[in-house]
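Structure first, commentary second.
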Amino acid sequence: MISHPSRHCTVELQALPSRIGQVRRIVSAQLRYWHMDSLIDRASLGVTELLSNVHRHAQPDKTCTVEIELLLDRLKVSVHDHDPRLPVVADAGPLATCGRGLAMVAAMSESWGVLPDDVGKVVWFTLPTPAAAEPAAWDRRPQLTPAGPDRPRFTEVALVDHVAEVHRPEPAPARSAVPG
């Protein structure tokens, strides 16, 4: 039995256009597994931009490793490649068709950075995880204050977390209009 699911996922790949889409789907599936669906769009965008940079710029090869790690209050996504040259945020002109990748990563993330390592570099970004949620709206019931002679006719409604012993009728079985 696994008591704590893994909060770490690593994928090694060649940063080719066909593989970038696969990694984006892997990242999305992993975030769904961790119940972090709200981070999927931004994490997918960020990993796509970082892998596209490896595809366009990395030398001597396109081999890289994508790592996603779920920490206490943030998701960290990093891409390790074998090129020791550090990327620079470009100031792309309004008509440029590329050169905005790192600026986009910086804009949509909580933080980002580049670190040289012994075989190349690591480019990473973080996203804040959703805060501990209040009880879901479907798990809260309205509590009515009864009206009386000393109370106004309109009653005040307040949401409470759980109402003890609320009787709910059993739902009727579903029926189909299609014979068979």
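The values are calculated or read from the model by the stated rules, or taken from the named source; none is laboratory data. These figures come from a predicted structure and were not determined experimentally. Because the Cβ atoms are built from the backbone with ideal geometry, glycine has one as well, and the counts that use them run over all protein chains shown. For the accessible areas, the whole protein counts, side chains as well, though only heavy atoms, and no ligand, DNA or RNA atoms are used. Shrake-Rupley method; radii C 1.70, N 1.55, O 1.52, S 1.80 Å.
For region 70-86, the criterion of being β-branched (Val, Ile, Thr), at pLDDT 60 or above and touching a Ser or Thr at 6+ places or on another chain (Cβ under 8 Å) is satisfied by at least one residue. Could you look through region 55-67, keep only residues that are in a strand (DSSP E or B) and under 20 Å from Ser18 (Cβ atoms), and pick out the one that is farthest from the chain's Cα centre (by Cα)? The extreme case among them is Thr63.
Being within 22 Å of Val88 (Cβ to Cβ), open to solvent by 80 Å² or more (accessible area, probe 1.4 Å) and of a type outside the set (Gly, Ala, Ser) is a description that applies to Pro60. Can Asp91 be described as at pLDDT 95 or above and at negative phi? Against the criterion (at pLDDT 95 or above and at negative phi), Asp91 does not qualify.
Number of residues in region 94-123 that are small (Gly, Ala, Ser) and either open to solvent by 80 Å² or more (accessible area, probe 1.4 Å) or in contact with a His (Cβ under 8 Å, 6 or more places away or on another chain) (or both) equals 2.
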